[in-house]
Each structure stands twice: as C-alpha cells, then as structure tokens.
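Have a look at the structure below, then the notes.
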Amino acid sequence: MFLNTAQKLDILAASAKYDVSCSSSGSRRRGSPSGIGSAAVAGCCHSWSEDGRCISLLKILFSNVCIYDCAFCLNRRSNDIPRATFTVDEVAELTLEFYKRNYIEGLFLSSGIWRSPDDTMECLAKVAETLRFRHRFNGYIHLKAIPGADPNLIRRAGLAADRLSVNIELPTEKSLKLLAPDKTRQAILHPMRQIGEGIVENRAERKKFRKAPSFAPAGQSSQLVIGATPESDLQILHLTESLYNRFSLKRVYYSAYVPVNADSRLPALRQPPALREHRLYQADWLMRYYGFRAEEILTPSQPDLDEHFDPKTAWALRHPASFPVEIHSAGYETLLRVPGIGVTSAKRIIAARRYARLAVEDLQRIGVVLKRARFFITCGGRYGAEPKFNHSPERVRRELLTGSKRASDANQLRLFG
Ligand code: SF4
C-alpha cells in the first residue's frame with residue numbers, strides 16, 4: 001500500500017514512543033552562519049510522548065518493519081500492525097521542516113531491524129550525513145546504533161550524530177534469550193565498546209588537532225526495560241554501574257515495561273511499574289552525582305528499592321551510625337549523604353560556613369529540604385529536629401512517613417480545594 005510522508009509519520013512516531021533513551025543534554029554543537037540550527041543552547045527541545053514523558057526531539061523510527069521478534073515489543077515481526085518505512089530524504093526533509101517551524105530542535109531516530117542490521121544502520125547513518133553534510137544542519141541528532149551492524153557504519157553514524165545509543169534492553173543474557181531470542185549480550189556490548197573507545201580516542205585527537213571531526217560528542221546512552229523479567233533492582237544497578245564504568249555511558253534510561261502484547265513469557269501486569277522506574281532513576285542519580293556504589297544502595301539481603309523512601313533516605317535509615325552529620329564541620333562527600341541535601345545545597349553550605357555560623361533555619365534558605373534533613377543533622381551541636389526528639393531509626397522512619405503523607409494530603413486539598 002502506498003503511504004505518503006504524513007501517513008508514515010503517524011505510524012512511525014507512534015511506534016517510537018516506547019523508546020525512552022533520548023535526551024539532548026550534553027551537546028555543544030553551535031550554529032554557524034552558513035548552516036541552520038544549534039544544539040548548544042538546548043539540552044531540550046519541546047515535544048512530548050503520549051504518556052507524558054519528555055522526548056524533546058522529533059522522535060521517530062526509520063522503519064517499524066522488524067525481522068526480530070522481541071516478546072515485549074509492539075513492532076515485533078509476529079504482530080499484525082500497520083507498517084511503514086521512510087526514505088532517507090523523507091526523514092531529512094521532515095526534520096528540517098519541523099526545525100524551521102520551531103517545533104523541534106533535533107532528531108531522535110531509531111528503527112526496527114529492517115532487512116538486516118547493516119541495511120538499517122546504513123540508512124540511519126545516511127540520514128545523519130544528509131542532514132549534517134548536505135543541509136548543514138547543526139541541531140541535535142541522536143541515532144540508535146544497531147547491534148550486529150558493521151563497525152564502519154557505526155563509525156559513520158558517530159561522525160555525523162551528537163549521540164549514539166545501543167539498547168541493552170534486558171538485564172541478563174538469560175532474559176534476553178527468553179524475551180529477545182534474536183539478540184545476544186555480546187552483539188549488544190560490542191558496538192557499545194566500539195562507541196566508548198571511539199569517544200575516548202576522539203577526545204584525545206581533538207586535543208591535538210582542534211579541527212579533527214568529532215565522534216558522538218554528546219556521548220552514548222542505553223535503555224533497559226524494567227519489570228518484564230524477574231531481576232532485582234540490585235542486579236539492575238550492578239549492570240548500570242558496570243555500563244558507566246566500562247563504556248563511559250552518559251545515561252542509562254529505565255523504561256517501565258508496558259504490556260502491549262499478550263505473550264505467556266511476559267508477566268501479567270495491570271500497570272507499568274512507574275514507581276520502580278522512578279526509584280531506579282533516583283538510585284542512578286546517586287551513583288552518578290553522589291558517589292554511591294550499587295552495593296551501598298542495595299544489598300543481597302535487601303535487593304529491591306524501598307517504595308516508601310527515596311534511595312538516599314532508605315540508605316540513611318539503614319546507617320544510623322553515620323548520623324547526625326555536623327553541618328559546620330562535615331566534608332562535601334559527607335554532606336551529600338544527608339537526605340534533603342543535594343549537590344547545590346552542599347556546595348552552598350561549604351561556601352556560607354566560611355563566613356558565618358549557620359542556624360538550622362538558614363539551611364532552608366540555602367536550599368536544604370529540612371523536612372527530611374532535620375533528622376540527620378546537627379548545626380553547631382544543636383539537633384535539626386526538636387531537642388527531645390527520639391532519633392531511633394523506627395521513630396525517624398515513622399516521622400518521615402507521616403510527613404510525606406501530610407504533604408500528599410495537603411497537595412490533594414490544594415488540587416481539589
Ligand atoms: S529489534 Fe526487538 S525491540 Fe527492536 S524493533 Fe525489533 S522486535 Fe522491537
């Protein structure tokens with residue numbers, strides 16, 4: 001059946017909505033007088049998926065035809081759904097037209113495995129090359145790197161795109177075998193390694209030769225489906241940690257499993273595990289910015305994140321001996337371990353205490369979330385909580401729980417009052 005570009009766009013934008021591994025942060029590509037667009041200011045462009053996640057880019061598949069049959073995927077070979085495939089020029093033209101109309105600031109392009117990994121990767125690379133070198137497009141481009149594709153094609157893609165991503169999809173080889181039998185862990189890790197090494201080499205090369213072409217300057221990312229297989233949060237965090245350490249990933253994205261197929265290999269979930277996804281993002285944040293290791297956040301005896309508390313508060317409640325932390329003498333890393341103190345507020349505390357004695361009340365002005373932090377700090381020897389407060393972990397846990405319940409009741413009242 002013949003489809004025009006608008007009809008293809010309908011199908012291929014809808015097919016892309018379950019891929020969450022896009023974010024335009026990290027790119028420094030600037031505009032130039034002879035080209036159009038600039039990714040430097042952005043970090044974000046403005047577009048949203050149907051389920052409300054920020055996608056900030058024109059997010060489409062090149063093709064939703066796929067020769068693979070992953071159990072959790074709407075586009076799998078065995079599903080009877082409308083199919084479409086763009087041409088390279090159609091994607092380039094759409095991106096430029098949307099860009100000129102100010103709808104988007106960049107492109108996130110993924111694809112089903114159309115014909116073969118090489119054919120698919122070649123089309124994705126050609127789209128980026130057409131935009132970048134023929135049309136001199138300076139906006140953000142994020143391409144999916146296809147496992148099993150020729151390394152030369154992946155290199156070509158990296159020389160034209162800002163970011164590449166390879167989806168790891170599932171946490172273990174066993175789960176891949178069960179739900180994505182056409183994929184192997186090795187085939188996924190291979191391009192990740194190639195991209196990681198390419199980025200490191202390119203950085204060194206550009207230090208020597210400023211005009212050397214850049215390779216994936218906004219780094220690489222990956223995506224994991226959460227809740228389709230039985231792995232614990234600890235297994236997921238261990239995997240994430242090793243991806244960050246081994247392949248210098250910028251981001252790992254977690255996608256709560258959305259049941260779109262009836263398949264006996266999949267769990268019967270009524271709703272995607274959104275809270276679990278949220279807690280994993282919080283734990284991931286702790287590993288990237290707060291110096292936590294996976295084995296500190298969770299342990300074999302406690303392998304899943306607490307649904308009631310964010311991972312840092314849960315850690316603090318399990319380590320009462322590390323508290324209270326004295327605001328006037330604690331080092332930066334110690335301050336970062338206090339629930340309610342973030343990177344910015346820890347830096348502000350260190351700067352402010354050089355010049356003045358801080359009172360508990362001052363901390364709120366600095367940006368500390370006192371309703372959490374007050375149970376874990378002293379300020380000039382004075383406890384953050386009221387003087388006679390019993391700081392046993394059970395009491396603190398109860399107080400934090402009732403505090404968050406009060407806050408959520410107040411929010412409800414505000415919403416419906
Ligand atoms: S490779 Fe698997 S996850 Fe990707 S589009 Fe094909 S069936 Fe879906």
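One table, with the values for the structure above:
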item	result
Residues located in the stretch 347-388, provided they are assigned to a loop (DSSP other than H, G, I, E, B) and over 19 Å from Gly403 (Cβ atoms)	Arg353, Arg354, Tyr355, Ala356, Arg357, Leu358, Ala359, Gly380, Gly381
Residues of the stretch 253-271 satisfying the condition of being buried (at least 17 other Cβ atoms within 10 Å of the Cβ) and in contact (Cβ under 8 Å) with a residue 40 or more places away in the chain	Tyr253, Tyr254, Ser255, Tyr257, Val258, Leu266
Any hit, the stretch 116-134, residues being among the aromatic types (Phe, Trp, Tyr), more than 16 Å from the ligand (Cβ to nearest atom) and assigned to a loop (DSSP other than H, G, I, E, B)	no
Boolean, Arg276 is basic (Lys, Arg), touching a Phe, Trp or Tyr at 6+ places or on another chain (Cβ under 9 Å) and free of Cβ contacts under 8 Å to residues at least 60 places away in the same chain	yes
Selected residue (criterion: nearest to Gly291 (Cα to Cα)) from residues of the stretch 302-312 that are surrounded by 23 or more Cβ atoms within 10 Å (Cβ to Cβ) and of a type outside the set (Lys, Arg)	Pro311
Top-ranked residue in the stretch 68-91 [being part of a loop (DSSP other than H, G, I, E, B) and of a type in the set (S, T, N, Q); ranked as nearest to the chain's Cα centre (by Cα)]	Asn75
Selection count, the stretch 363-402, where residues are over 17 Å from Ile341 (Cα atoms), modelled with pLDDT under 80 and surrounded by 14 or more Cβ atoms within 10 Å (Cβ to Cβ)	2
Selection from the stretch 317-334 of residues that are hydrophobic (A, V, I, L, M, F, W, C) and closer than 18 Å to Ile297 by Cβ	Leu317, Ala321, Phe323
Filter result for Ile104 (under 17 Å from Leu12 (Cβ atoms) and within 16 Å of the ligand (Cβ to nearest atom))	no
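Here's the yes/no breakdown for (1) in contact (Cβ under 8 Å) with a residue 12 or more places away in the chain; (2) away from the ligand (no atom under 16 Å from the Cβ); (3) crowded, with 21+ Cβ neighbours inside 10 Å; (4) among the hydrophobic types (A, V, I, L, M, F, W, C):
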{"site": "Ala180", "(1), (2), (3), (4)": "yes, no, yes, yes"}
{"site": "Ala216", "(1), (2), (3), (4)": "yes, yes, yes, yes"}
{"site": "Gly219", "(1), (2), (3), (4)": "yes, yes, no, no"}
{"site": "Gln223", "(1), (2), (3), (4)": "yes, no, yes, no"}
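The values are calculated or read from the model by the stated rules, or taken from the named source; none is laboratory data. The shown structure was predicted, so the numbers you read here are calculated from the model rather than taken from an experiment. Reconstructed Cβ throughout: ideal geometry from the backbone, glycine too, with neighbour counts over all protein chains shown.
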